[in-house]
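Enquirer: I have a structure I would like to understand better, so I am pasting it below and will then ask my questions one at a time.
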Amino acid sequence: MKRILITGGAGFLGSHLSKKLLEEGNEVLCVDNFYTGSRKNIHDLLDNKNFELLRHDVTHPLFVEVDQIYNLACPASPIHYQFDPVQTTKTSVLGAINMLGLAKRLKIPILQASTSEVYGDPEIHPQPESYRGNVNPIGPRACYDEGKRCAETLFFDYYRQHSLDIKVMRIFNTYGPNMNPQDGRVVSNFIVQALQGENITIYGDGKQTRSFCYVSDLIDGMVKLMNSEKGFTGPVNIGNPREFTMLELAEQIIELTGSTSQLKFQDLPEDDPLQRQPIIELAKSKLGWEPEIELRKGLKATIEYFRNLKR
Ligand code: NAD
Ligand code: UDP
Ligand code: UDP
């Protein structure tokens, strides 16, 4: 049994990770300031004697005793991370410094939830980990992209300078139950719109692509990475390589919900990446990981979750 700290543990991914680590018999210390996460996500865990919740902002130092750290704290959807962009950069950068300082004092492994956004609007397709990216450093997405890039820099400098056991995971678009229905991400938006019979909002011409990973696959990859051989730092792409256009996504969601919603075309947000697809050969060879849940199956489970939320 390990004592495991999860920052951002009340968020979409953090709540699934908390549940899985508890099921594996660990103690979980969930640290969250509830900026985008919610108690509802972890409601079922609050009675578990191995689960502890601490309201805390990771931009401030944290002194606790644990065996592993998963650093997930950061708003992840464009409308949330652009709402207070200075705070977004602070969370990524100061949060990384504090959690790395904690890991250094305790000499424990630490995993960083990085992102495919470090590739920006990629000129190389699909994206291998060796691609250095195409990020606009002064655009509206930069607070998130550059914050995450700087966090990766800090992780690798603590690794080189202090021999810290780091694990850097580049997460590609993930979906599933516990997504925040109001966070503006494409899967939740389309499902909520379809269920309510509202227009489906397609930004741009809808031909831009994303590759969607179901949350259970993603969390499996995350835990495998944390427990991978010492010295394997990543960065490693974790995502589902099956690529879809936003039009294809909308069609599937309309079909699966049986909705009468129509498509409504709106302006494409500034710096919106045109395409995104992970190469996952490193995850396959080093972690023995690959995703299992295909989009249709994952969407069914997610639609079910949102249907029940409505009631
Ligand atoms: P989320 O917004 O649901 O969860 C983030 C959590 O962090 C929330 O509970 C929020 O309250 C908390 N938080 C934010 N700022 C904080 C702070 N300063 N101190 C303490 N807690 C804070 O997002 P998510 O989708 O669960 O993402 C989790 C992590 O994974 C993020 O770091 C995100 O960048 C990364 N990621 C997610 C995706 C995805 O598709 N979901 C893709 C790439 C990377
Ligand atoms: N830190 C923390 N908890 C700890 C140890 C450190 O929050 O248990 C913070 C500490 O306040 C510092 C940061 O982590 O701001 C980086 O720590 P490090 O030891 O690397 O740097 P230093 O303290 O020497 O500046
Ligand atoms: N998108 C869309 N309609 C929406 C929300 C998003 O067409 O209602 C598009 C968005 O422009 C982007 C893609 O869907 O091209 C994925 O957006 P999301 O915010 O989910 O993730 P990210 O852009 O961070 O990958």
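The values are calculated or read from the model by the stated rules, or taken from the named source; none is laboratory data. The model shown is predicted, which means the values in this text are computed figures rather than measured ones. Counting neighbours? That spans all protein chains shown, and the Cβs are built from the backbone with ideal geometry, glycine included.
Enquirer: Return the pair list, or none, for Cβ contacts closer than 8 Å from residues in the stretch 77-105 that are small (Gly, Ala, Ser) to residues that are assigned to a helix (DSSP H, G or I) and away from ligand 1 (no atom under 11 Å from the Cβ), at least 6 apart or on different chains.
Expert: The qualifying pairs are Ser92/Cys150; Ala96/Cys150; Ala96/Leu154; Ala96/Phe155; Ala103/Tyr158.
Enquirer: Also: Going residue by residue through the stretch 165-178, is there one that turns out to be among the aromatic types (Phe, Trp, Tyr) and surrounded by 23 or more Cβ atoms within 10 Å (Cβ to Cβ)?
Expert: Within the stretch 165-178, one or more residues are among the aromatic types (Phe, Trp, Tyr) and surrounded by 23 or more Cβ atoms within 10 Å (Cβ to Cβ).
Enquirer: Filter the stretch 262-311 down to the residues that are on the phi > 0 side of the Ramachandran plot and in contact with a Ser or Thr (Cβ under 7 Å, 6 or more places away or on another chain) and list them by number.
Expert: Answer for the stretch 262-311, where residues must be on the phi > 0 side of the Ramachandran plot and in contact with a Ser or Thr (Cβ under 7 Å, 6 or more places away or on another chain): there is none.
Enquirer: State whether one or more residues within the stretch 243-259 are farther than 29 Å from Lys2 by Cα and touching a Phe, Trp or Tyr at 6+ places or on another chain (Cβ under 6 Å).
Expert: Yes, the stretch 243-259 contains a residue that is farther than 29 Å from Lys2 by Cα and touching a Phe, Trp or Tyr at 6+ places or on another chain (Cβ under 6 Å).
Enquirer: Among the residues of the stretch 23-42, write down those that are surrounded by fewer than 18 Cβ atoms within 10 Å (Cβ to Cβ) and either within 16 Å of ligand 3 (Cβ to nearest atom) or in a helix (DSSP H, G or I) (or both).
Expert: Those that are surrounded by fewer than 18 Cβ atoms within 10 Å (Cβ to Cβ) and either within 16 Å of ligand 3 (Cβ to nearest atom) or in a helix (DSSP H, G or I) (or both): Glu23, Arg39, Lys40.
Enquirer: A further question on this structure: So if I check each of Ile238, Ile191, Ile202, which one is at pLDDT 95 or above and either over 30 Å from Gln262 (Cα atoms) or in contact with a Cys (Cβ under 7 Å, 6 or more places away or on another chain) (or both)?
Expert: Every option except Ile238 fails the conditions.
Enquirer: Does Ile42 fit the bill of being aliphatic (A, V, I, L, M) and within 30 Å of Phe306 (Cβ to Cβ)?
Expert: yes
Enquirer: Something else now. Across the stretch 212-239, which residue is nearest to Phe12 (Cα to Cα) among those that are among the polar types (S, T, N, Q) and within 13 Å of the chain's Cα centre (by Cα)?
Expert: Checked the stretch 212-239; the qualifying residue nearest to Phe12 (Cα to Cα) is Ser216.
Enquirer: Among the residues of the stretch 50-57, are any free of Cβ contacts under 8 Å to residues at least 60 places away in the same chain, near ligand 1 (Cβ under 7 Å from one of its atoms) and over 25 Å from Tyr305 (Cα atoms)?
Expert: The answer is yes, given that some residue of the stretch 50-57 is free of Cβ contacts under 8 Å to residues at least 60 places away in the same chain, near ligand 1 (Cβ under 7 Å from one of its atoms) and over 25 Å from Tyr305 (Cα atoms).
Enquirer: Go through the stretch 1-38 and count every residue that is at pLDDT below 95 and within 13 Å of ligand 1 (Cβ to nearest atom).
Expert: The qualifying residues number 1.
Enquirer: Among the listed residues His60, His80, which satisfies the condition of being part of a loop (DSSP other than H, G, I, E, B) and either within 7 Å of ligand 1 (Cβ to nearest atom) or surrounded by fewer than 18 Cβ atoms within 10 Å (Cβ to Cβ) (or both)?
Expert: His60
Enquirer: Among the listed residues Gln161, Gln193, Gln182, which satisfies the condition of being without any contact (Cβ under 8 Å) to a residue 60 or more places away in the chain and closer than 18 Å to Leu309 by Cβ?
Expert: Gln182
Enquirer: Continuing with this model, one more query. In this structure, does Gly147 turn out to be assigned to a loop (DSSP other than H, G, I, E, B), within 14 Å of ligand 1 (Cβ to nearest atom) and under 16 Å from the mean Cα position of the chain (by Cα)?
Expert: So Gly147 fails the test.
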